[in-house]
Amino acid sequence: RGSRNGILAPFHGNQCCGSKIHYKSLSFVASAPIRSSSFSVINHDDISHFKNILGEKGVIEDQEKLDDANTDWMKKYKGSSKLMLQPRTTLQVSKILEHCNSRCLAVVPQGGNTGLVGGSVPVFDEVIINLSSMSNIVSFDKFSGILVCEAGCILENLISFLDNEGFTMPLDLGAKGSCQIGGNVSTNAGGLRLIRYGSLHGSVLGLEVVLANGTVLDMLGTLRKDNTGYDLKHLFIGSEGSLGIVTKVSILTPPKLASVNVVFLACEDYTSCLKLLSEAKRKLGEIVSAFEFLDINAMDLVLKHLDGVRDPLPSSKHNFYVLLETIGSTESHDREKLEAFLVHLIEIGLVSDGVLAQDINQASSFWKIREGITEALMKAGAVYKYDFSLPPDKIYDLVQETRRCLRGTEANVVAYGHLGDGNLHLNISTRRYDDNVLSKLEPFIYEWTSKHRGSISAEHGLGLMKADKIHYSKSSQTVQLMGSIKKLVDPNGILNPYKVLP
């Protein structure tokens, strides 16, 4: 089960820029997958067929480009695909999958490759279907705010387009400069403003999806209400490319509002953060758009490893920080309301310090702290990333239990996340990946989450990392039904194998 057969191998060693990448065997992974003997191996005739469909430029065999496509963003997983295809149309995706299904060639759909659970790279030699060339905006209705676009559109480009049109993308992520909307939908990405705009299950009105046999499902509706039978698009939102490849998306976008305010606050304990959230919902309810928290370990990491980041509250260190954003229609009203709220917080002793951004540059600097944590973790070394949903009052209990569990190691436990929707990003930072650290973390961390009725994946998905751990969050009957659906729409199992399901 070593890496010579192309199996995904964890990155070993410092991950700072310029460091050498070393891969090692999966000795510390609970159950390494074995390549299915039912899948064929790509041959010259297959490559010729794909060139007839895509032309020479759409068929990538260059080793340097393949190395990038085979490796995930975290440098943790690596496959051994010898071929990447770059379709430009839905018809081309259909023809590719029709051929792959007939030949039983396994495929992995790939967008911006910013995933964190090994879901967007090959495990072995799967054909990579990269949708980056499908990046057109099909239509935008200014009256309804409904955007229709291809799956390869980069999220930041959509945000900029909508901003110019006077509208807002309901999804915003730290990886927006690279991630693509098709991947966002396929992983049901949550993001920074879910507390205001909800999940993609609510925002996405329709999808165009290509099934494993090449069948194109046109579910690209633009209606808010359509109560005609099963709403099949929800099967594909969050299925991580294991049921079909999303090629187009119809999404409802809200109007852009004029008043945006950002506050950076300090609390001395986690209970105060929870009470602060409750007060914000009660007194600022209709304008709250984001409520993010980070602990002192996360703040210290960002200040140490990211250039140009400054502490907004430099007078003293604090145990917890909260970034609160409001979006409304009237600047004077919102500002007055927010200032009164801050006075109230100080009077009741919920915050020990705080600052209200005076302009867009200061607001951006606050957001840079929160959005920069992932980059800072990568620069600090190896990182074990976990993404849990828990009852908000249990979130920091898990962090403290994890620290107790790792006593005697050099691991730095870093906690942050979307407190507004109960999503904890728990990260364990070490100089290098260590079997001893992982053995202390797993299965303890999953068992604890399951015991407290949480989800082992709030928004990152399951991918390869958590496929065998789905039972911590789902019953055996539920997983069995998922497997039956997979068998129905992808009987040969060619779509993103070894992922999502055990």
Apart from one, (1) open to solvent by less than 50 Å² (accessible area, probe 1.4 Å); (2) over 30 Å from Glu375 (Cβ atoms); (3) assigned to a loop (DSSP other than H, G, I, E, B) all hold for Leu205; the odd one out is (3)
Residue, farthest from Val117 (Cα to Cα), within segment 31-83, restricted to residues that are in a loop (DSSP other than H, G, I, E, B) and among the basic types (Lys, Arg): Lys82
When (1) assigned to a loop (DSSP other than H, G, I, E, B); (2) surrounded by fewer than 16 Cβ atoms within 10 Å (Cβ to Cβ); (3) at pLDDT below 95 are applied to Arg4, the one that fails is (1)
Taking into account only those residues within segment 34-83 that are closer than 18 Å to Cys100 by Cβ and among the acidic types (Asp, Glu), which is most open to solvent (accessible area, probe 1.4 Å)? Asp45
Considering only segment 354-375, how many residues are open to solvent by 30 Å² or more (accessible area, probe 1.4 Å) and part of a helix (DSSP H, G or I)? 9
So if I check each of Asp172, Asp218, Asp163, which one is among the charged types (D, E, K, R), on the phi < 0 side of the Ramachandran plot and over 23 Å from the mean Cα position of the chain (by Cα)? Asp218
Would you say Asn136 is without any contact (Cβ under 8 Å) to a residue 60 or more places away in the chain and within 21 Å of the chain's Cα centre (by Cα)? no
Do you know which of the residues in segment 332-347 that are touching a residue at least 40 places away in the same chain (Cβ under 8 Å) and either out of contact with any Ser or Thr (no Cβ under 7 Å at 6 or more places or on another chain) or open to solvent by 80 Å² or more (accessible area, probe 1.4 Å) (or both) is nearest to Phe264 (Cα to Cα)? Leu342
Subset tally (residues that are within 11 Å of Leu441 (Cβ to Cβ), more than 16 Å from the chain's Cα centre (by Cα) and touching a residue at least 40 places away in the same chain (Cβ under 8 Å)) for segment 407-431: 3
May I ask you to list the residues in segment 282-319 that are of a type in the set (D, E, K, R) and exposed (fewer than 14 other Cβ atoms within 10 Å of the Cβ)? Arg282, Glu286, Lys304, Asp307, Arg310, Lys317
Given the structure, is Val210 open to solvent by less than 20 Å² (accessible area, probe 1.4 Å), farther than 18 Å from Trp73 by Cα and at pLDDT 95 or above? yes
Failed criterion for Leu274 (all others in (1) assigned by the TED database to the domain that holds Asn157; (2) open to solvent by 10 Å² or more (accessible area, probe 1.4 Å); (3) touching an Asp or Glu at 6+ places or on another chain (Cβ under 9 Å); (4) touching a residue at least 60 places away in the same chain (Cβ under 8 Å) hold): (1)
What residue, of Gln86, Gln110, is modelled with pLDDT of 95 or more and either open to solvent by 30 Å² or more (accessible area, probe 1.4 Å) or over 25 Å from the mean Cα position of the chain (by Cα) (or both)? Gln86
Please tell me if Gly13 is farther than 18 Å from Glu126 by Cβ, at pLDDT below 95 and open to solvent by 80 Å² or more (accessible area, probe 1.4 Å). no
Flag if Val351 is part of a strand (DSSP E or B), over 19 Å from Gly190 (Cα atoms) and in contact with a strand residue (DSSP E or B) (Cβ under 9 Å, 6 or more places away or on another chain): no
State yes or no: is Lys337 out of contact with any Asp or Glu (no Cβ under 6 Å at 6 or more places or on another chain), at pLDDT 95 or above and of a type in the set (Lys, Arg)? no
Does at least one position in segment 228-237 carry a residue that is within 21 Å of Asn184 (Cα to Cα), in the same structural domain as Ala151 (by the TED database), open to solvent by 30 Å² or more (accessible area, probe 1.4 Å) and within 19 Å of the chain's Cα centre (by Cα)? yes
Please determine, by comparing only the residues of segment 247-268 that are in a loop (DSSP other than H, G, I, E, B) and open to solvent by less than 70 Å² (accessible area, probe 1.4 Å), which one is nearest to Cys149 (Cα to Cα). Thr253
Which one of these is among the aliphatic types (A, V, I, L, M), open to solvent by less than 50 Å² (accessible area, probe 1.4 Å) and within 25 Å of Gly118 (Cα to Cα): Leu162, Leu200? Leu200
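The values are calculated or read from the model by the stated rules, or taken from the named source; none is laboratory data. Everything numeric here is computed off the predicted structure, so don't read it as measured data. Please note: Cβ atoms are built from the backbone with ideal geometry, for glycine as well, and neighbour counts cover all protein chains shown. When the accessible area is computed, the model is the full protein with side chains, heavy atoms only, and any ligands, DNA or RNA have been set aside. Shrake-Rupley method; radii C 1.70, N 1.55, O 1.52, S 1.80 Å.
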